[in-house]
């Protein structure tokens, strides 16, 4: 091969390499944008319409409001669970789990107390005035809350051990599990009715 042919061939190879790099960069940017849009909900245009359609028609109906809160909490916990399983838990997954689980137990407590003299969504208020034998619905709600806290504690333990999850966040989950154990114990050992 002549020097001229070799230099033309080398120029073509360099041009193809540049184009290949550009296409790889463009594909990476498109992929990152698609992932960001998927996690932000941007690829689900019907999501906003569904949320608007599910809003409570009569804000004066507390049962409907707390049922909606319960549904939203279950959906949020499911989304956090899916994001962790995908390996992209997002910021402060421990706080999100604890917050949404507490909203769920609060909604459950209101739904349990809705026909009683003292209506509340606060588990501490409920436990402070509840007397007599344990309410099976409350035992179930507190047990489910405790099971969720144990599940997330077990899920985050290896990450905390490998220092991929902060010790403070892990202590947050542990303290929520201990708090859930205390609430269940208090429900199971209520004071006797007067």
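Remark: relative contact order (the chain) = 18 percent; criterion is Cα-Cα distance under 8 angstrom and separation of 6 or more residues.
For the Cα atoms of the chain, what angle does the longest principal axis make with the long axis of helix 62-85, in degrees from 0 to 90, nearest 10? Helix 62-85 sits roughly 40 degrees off the main axis of the chain.
Of 65, 139, 35, the residue with the greatest mean-square motion in the GNM of the chain, using alpha carbon springs below 10 Å, is 35. A Förster distance of 41 Å, applied to the separation of the beta-carbon atoms of residue 116 and residue 30, puts the FRET efficiency at 0.15. GNM remark for the chain: springs join alpha carbons under 10 Å apart, and the peak mean-square fluctuation among 166, 116, 175 falls on 116. Computed over the chain, the per-residue total of -39500 (n - 2.57) for DSSP H runs of n ≥ 4 gives a 222 nm mean residue ellipticity of -26000 deg cm²/dmol, rounded to 500. According to the Kirkwood relation over distinct C-alpha pairs, the hydrodynamic radius of segment 56-188 is 15.7 Å. Under the simplified labelling scheme, the residue 79-residue 150 pair shows an inter-label distance of 2.8 nm, with each label point 7 Å from Cα along Cα→Cβ. Label separation (residue 10 vs residue 140): 7.9 nm, computed from points 7 Å beyond Cα along the C-beta direction. How far apart, in nm, are the 7 Å Cα→Cβ label points at residue 68 and residue 22? It works out to 5.2 nm between the two label points.
Structural size metrics of segment 130-194, computed from C-alpha coordinates, are Rg and Dmax of 15.0, 52 Å.
Throughout, read-outs are computed from the coordinates displayed, never taken from laboratory work. Remember, predicted model here, so these are calculated numbers, not experimental data. Cβ: placed from backbone, ideal geometry, glycine included. Neighbour counts: every protein chain shown.
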